[in-house]
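The values are calculated or read from the model by the stated rules, or taken from the named source; none is laboratory data. Small disclaimer: the values here were computed from a predicted structure and weren't measured. Note that we place each Cβ from the backbone using ideal geometry, even for glycine, and neighbour counts take in every protein chain shown. Just so you know, the surface numbers come from the protein's heavy atoms only, side chains and all, with ligands and any DNA or RNA stripped out. Shrake-Rupley method; radii C 1.70, N 1.55, O 1.52, S 1.80 Å.
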Amino acid sequence: MIARALLLAAALIAASSPAAVAQTQESFANRNVIAAPALRANVQVSGDLVRIGDLIDNAGSAAQIAIYRAPDLGTTGSLPVAQVLNTLRAHHVIGVDTRDLREISVTRLARTLEGKDIELQVARALERRNGLGDAANLALTFDRDPGDVRLDAGFSGSLQAAIVRYDNRNGRFDVTFEIANENGAAAAKLRFTGTAIETVEAAVLARNVERNEILKSSDVVVERRPKAEVGPDAAARDRAVGMQARRQLRAGQAIKTADLAKPDLVQRDQNVMLIYETPGIYLTMRGKALDSGTEGDVVTVMNLQSKRTVSGTVTGRGQVSISPPASRLPQTSDATSSLGKAQPAQVAVATVSSPVAPKAE
């Protein structure tokens, strides 16, 4: 029985094709072949350590062994190949294909937060908190300039304000952000402290201005100033230009509405035209202003003919109108008396007569 089994096996082996035998031998050979480790020319790491698996392909079980510290965040360093081979031998990694490299470039990946973006995020965290206004109107002064902040590339989350404190008595703020890590590590925390002040656009003088001087367009610029400094009555630039200074103002001073007045249409000691007008009568005469005044102001004027003084309302540049008493309509003699009994030769008189309807029969 045993002899028959042996003969049958021998017959089966003899019947097998040479190709099948060769394929079987190649399969066993491939199982025993391990790919040779090979160096990489350029390496990128996201942590603070460089491992064997970062430097070579096919590192096998040694891939997770840390052998160097990584460069600073966002920077690139180099490793001489001879030094790397010596380090690999110390960890029993041999037979490495150098690919004719002389050095390996190692770059540490990083996420960079720019200083201006950090300032914007702090302003947004403080927006409308404890009396503050919009983020765009906040001026921040940091205790320590944040500059650009670099984090490991794994911290890819957005800045989340975890702690926000603001004291409106002294303007101090204390803000802490948290940034999540995509690899499951603990969130990074960034803390910023300083002072926040709300600002507004203000019209500011570009030069010193004397009392009663008219502001020109070149005299006024727009700057951002602390809201507390400007106050609630800040003057807008378009309202300030063309107005007259009520008092002496200095360069760099924020202009307030109380500092301005309408420009004087009548100046003291200026020759003006006196106008007296009632229904049917229009009189004019030369006078000399004893006061300065803008439109609507009541000023005193001396009649140059009679040397008498009268009071009138400024109605235009170099013009003062005298109104008749409200109790009655003055006659022509009253009008000339109000103007100082002027001689007819110096008075222009225009009378207007209304048509009289015919008497009904």
Problem set entry | Efficiency of FRET from Cβ geometry, N168 and L290, R₀ 41 Å, rounded to 0.05 | 0.20
For this session: Just list whichever of K227/K256; K189/K227; K116/K189 have alpha carbons separated by over 23 Å in the model shown.
Result: K189/K227
Problem set entry | Listed residues R211, R308 arranged by accessible area, highest first, probe 1.4 Å | R211, R308
Problem set entry | the stretch 144-191: trypsin sites (Lys or Arg not before Pro) in DSSP loop, at most 11 other beta carbons within 10 Å | R144, R169
Exercise. Separation between the L120 and A62 pseudo-spin-labels, each 7 Å from Cα along Cα→Cβ, expressed in nm?
Worked result: 4.8 nm
For this session: Mind listing the long-range amide H neighbours of R286? Cut-off is under 5 Å, sequence gap 5 or more, other chains count too, H placed in the peptide plane at 1.01 Å from N.
Result: L274
Seminar exercise, completed: Using a 1.4 Å probe on heavy atoms of the protein chains only, the accessible area for R99 in Å², nearest 10, reads 120 Å²
For this session: Quick one: check the C-alpha center-to-center distance for the stretch 173-240 versus the stretch 283-315, whole angstrom.
Result: 47 Å
